[in-house]
1. Distances from C:Pro141 to the same position in the other copies: list them in nm, one decimal, shortest first, using label points 7 Å from Cα along Cα→Cβ.
2. Would you mind getting me the FRET efficiency between A:Ile128 and A:Glu322? Use the beta-carbon distance for r and R0 = 56 Å, nearest 0.05.
3. Counting Lys and Arg as +1 and Asp and Glu as -1, each charge on the Cβ, what is the dipole of the stretch B:110-222 about the Cα centre in debye, to the nearest 20?
4. Would you pull out the residues with amide H under 5 Å of A:Val95's amide H, same chain only if 5 or more places away, H placed 1.01 Å from N?
5. Going by the alpha-carbon gyration tensor, a ≥ b ≥ c the square roots of its eigenvalues, is the stretch B:290-388 rounded (a/c under 1.5) or, if a/c is not under 1.5, prolate (a/b greater than b/c) versus oblate?
6. Taking a cut-off of 13 Å, what percent of all Cα-Cα pairs in the stretch B:338-388 are separated by more than that?
7. Once Lys and Arg get +1 and Asp and Glu get -1 on their Cβ, which of C:Asn165, C:Ala202, C:Gly250 lies farthest toward the positive end of the dipole of the stretch C:143-253?
8. When chain C is turned about an axis onto chain A, which of its residues keeps its C-beta closest to that axis, and how many Å is it?
Amino acid sequence: MAISSSFFACSLQGSMAAPKTLNCYKELLCNRSNLFFKQSGCIESMYQSHSRLLPHSVLSKWEQTDQFDRIQCHSLEVETAPSFSIGKKFQLDDVIEAQQFNRDILGAIFEVANDMEKIENNYPGSQILKGYLMATLFYEPSTRTRLSFESAMKRLGGEVLTTENAREFSSAAKGETLEDTIRTVEGYSDIIVMRHFESGAARRAAAIAGIPIINAGDGPGQHPTQALLDVYTIEREVGKLDGIKVALVGDLANGRTVRSLAYLLAKYQDVRIYFVAPDVVKMKGVEWEESSDLMEVASECDVVYQTRIQKERFGERLDLYEEARGKYIVDQAVLDVMQKHAVVMHPLPRLDEITVEVDRDPRAAYFRQAKNGLYIRMALLKLLLLGW
Amino acid sequence: MAISSSFFACSLQGSMAAPKTLNCYKELLCNRSNLFFKQSGCIESMYQSHSRLLPHSVLSKWEQTDQFDRIQCHSLEVETAPSFSIGKKFQLDDVIEAQQFNRDILGAIFEVANDMEKIENNYPGSQILKGYLMATLFYEPSTRTRLSFESAMKRLGGEVLTTENAREFSSAAKGETLEDTIRTVEGYSDIIVMRHFESGAARRAAAIAGIPIINAGDGPGQHPTQALLDVYTIEREVGKLDGIKVALVGDLANGRTVRSLAYLLAKYQDVRIYFVAPDVVKMKGVEWEESSDLMEVASECDVVYQTRIQKERFGERLDLYEEARGKYIVDQAVLDVMQKHAVVMHPLPRLDEITVEVDRDPRAAYFRQAKNGLYIRMALLKLLLLGW
Amino acid sequence: MAISSSFFACSLQGSMAAPKTLNCYKELLCNRSNLFFKQSGCIESMYQSHSRLLPHSVLSKWEQTDQFDRIQCHSLEVETAPSFSIGKKFQLDDVIEAQQFNRDILGAIFEVANDMEKIENNYPGSQILKGYLMATLFYEPSTRTRLSFESAMKRLGGEVLTTENAREFSSAAKGETLEDTIRTVEGYSDIIVMRHFESGAARRAAAIAGIPIINAGDGPGQHPTQALLDVYTIEREVGKLDGIKVALVGDLANGRTVRSLAYLLAKYQDVRIYFVAPDVVKMKGVEWEESSDLMEVASECDVVYQTRIQKERFGERLDLYEEARGKYIVDQAVLDVMQKHAVVMHPLPRLDEITVEVDRDPRAAYFRQAKNGLYIRMALLKLLLLGW
């Protein structure tokens, strides 16, 4: 098995009239049959943009196959998203998935996040959430995400109940359902931030809970606050969201981060997304020149969004992992071709997919991005507990 | 080995003159010799009620045999309980075991708990414990209990130091005594909430500590705050404690919860307790009709207190566990025979011993019961730190 | 292999002119060749005292060999310590190692710690750190140290983000560098208290962080706040630091605690330190009479500083551990020879190297010592966040 690579650019054309169904846009660059896509594990994408004033947005879901390097678009579901009427404030009850946001809600959240940035910089900070209790109910540990939420709550004067071993609640031995756990914990707190190992768990929790639920990641499902902070960072760093070019690099197949980000970007006008990913295939005669690809993309984009190749998904094929891992490195050479205003982003943690030398460059935005997670989470806590 | 079942009703007759020794009351229903009791693993009980004005209550202890389905009453010890003099407020120094409470103290605590309910419902809550620090010293994890205590402390404006790996303090490798740990932690906090794997650990801690200790469960020993919240819930739900009928269902042999609850109920007048438990015995010719038993009891009682069959106690005999587990299920059929004012309680977590359909019924009191744990713990923290 | 024992007294002569290089002072008592020292695993020491007004202190480092019972002094490095100019306040940016303190800084910190003692005793305590967030980033659990820091922060009105599983940040699977973790966590907090398994980790963190770092122990390296609280305790208990006699007893070879303490004591005038340690050697004809040694030392010293023999360092030679462990016990007999004003100290946890009977004696200072850790940490948090 050899490693080749591919990248696809998906043109996202905003239109006032949203299509009822979605098609997979494949750039001519790809130039392959659909069959080939299925065999080669290419990353495909489908988007649409939502009209600003559409009361009911058409939302899509991606279906992911079991294989580690395929995301395919089929059997798209059409749902009704929370609507926004001018002159009426949003009602934000829970934060469950990226699909619940449209660009108006995003814009409103980003304004609050911007206010939070000022609050956090001023001593002694805000006490607007004084008397409120947030429970962090983590069924799997994620210290980074947990600390970010807990910091957000405390920066606003709120208090926190922490558990990183929430599995104990529902251990095989004891066998309590998630629903029972939520009904108990909601008696102790005012809002629950929840991380779970099963896709859909946050939605189940929100269905039963009388208090707001924030999804801090549910297995291979959603991690909506990451997607929000990513989009917020792009707006802050690039200065706009319409008309931008974004390269998504790395382990795209597994990336709930990448999927949710792409989904939200699709809400904006004329966003162009480039996927640059190692392509582990058993095909002869197909060789992609990788480095030039990343270089070419990097030189054109406003954002190079690098991600970590997730070793755990390769099982015993560590040889493939090692090959994939070294494919696309953001280093000084990449910086050299990038535009002056462009930025490098990464959801962190990183391994060596961005070299340490890049850290010194002002275009290295990933630590600012992590910090923006604090502001977004402060904003969400404020909005869910106090309203707009 | 087959599973049969049995239930016993123990009549608790209040009397002004407390007996110096206690006898096991066996209802005629049982109709068996004492020998049979010992062989069959029946659940027996012994009670007395304490006169309201008795300065020294006579307290009893149960002895539990090694076998998993027997609780027998013998070698009762007589102790001196904290006295209550009219016109003088109680001095509550520690919360170690159910035996330390009489009905006057219970009544006083319940009044404070009721106040706490109002505090918790009002934004922004109370700050009466501002500046106080509670250490949760858990030698074994119990997220539910811990969160309840920590929420209670924070709802009153207090602060919390958390540890769920307190065993590290006294690990085999390091070998620190509990006494040394307490002497260290009391230097960092104003009150210690402690869960331990050994019976008697809380009492040892209280003996050495200069600050209040609350026992949040010590192994097979006591879990007094659970007993308090159970009795508080009954009073809130049924409206009285004297003259009530309570069915205790499920894993009674192992139940420190059930033992402590029964002990406290015995403080009230004319309380009648029914034990309904699967009975794992090797006896021929003795067959109890289970479902009709639970039905009969449920139709008469004010409270049906269901408990979880604890799998871990069955060792390799999972067949027995499976049989015991299915014996007594509280479901719609049970609800149908229950009186309108009666309630279903459960210490949680539950498995399937109460079916989900019951949740919808207003008589399902178990989540309200869990919430009452918050009020009881707020009350105890207030009383121990600030006094009456 | 037999166990013998030895003790050495090192005379610390203060001088205004600090020597550029240091020599190992060996008391005549030792009466052995240097070769013997290397073979027998004796504990050697080297000290100097620093002149009060020396702007640049000469600092020394100890090198520890791989063997468990040797500390040898060679290849001493000379560094420049933070200077203190009269009329100018210290700038305390981080707390990384004992070497960064001189007696003027120590004196100033101890004054603040003394103030903290008053704050902690008064209800409702201070709110001077209200609005500040401390992150406890523990790569290995140390509940005792963590609780002490968290209590210190909360006693001053500050808030805490806790993690005891910080290794997850940098797990082999994810592979994040310490530097990246610090850059993320500093976005969420105002100060980081860090415990790490690698020597030098705190220094690396401080080099990258924009907020203060406190080293709460980095592997076999430093644990500077322990050393500070030890010296503070001696001053509080004995009333002075110049001219005192201190016996360091027990597992000196492994003792970063002991090394750091000895280092700080060397800042004072005419301090005399006695090492009393089990000596596991394979030598014939050399027999040291232990009990009389400890007795003799104990009768002369102001402080008997006992430490725990660390079992884990003996590997499979548990026989040696058992022998070493029983060598020097501080018990009533030792108390009987100690002077009236002298005290027994211990960094805790203790096993049986101090018998429980000693606890009752007013000269047992170890629990007061633990409490002093709170005041020292309160002082450091105040100084690092608010300045002098």
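Since every read-out is calculated from the coordinates, none of them should be taken as a lab result. Computed from a predicted model, the values in this text were never measured in an experiment. Glycine gets a Cβ as well: all are built from the backbone with ideal geometry, and neighbour counts include every protein chain shown.
1. Computed spacing set for this position: 1.0, 1.0 nm.
2. Working: r = 49 Å, r/R0 = 0.88.
For A:Ile128 and A:Glu322, the calculated efficiency is 0.70.
3. It comes to approximately 100 debye.
4. When sequence neighbours closer than 5 places are left aside, the close amide H contacts are A:Ile213, A:Ile214, A:Asn215.
5. Oblate, since a/c reaches 1.5 and b/c is not below a/b.
6. 65
7. Ranked along the dipole, the leading option is C:Gly250.
8. In chain C, the Cβ lying nearest the symmetry axis toward A is C:Thr162, 4.
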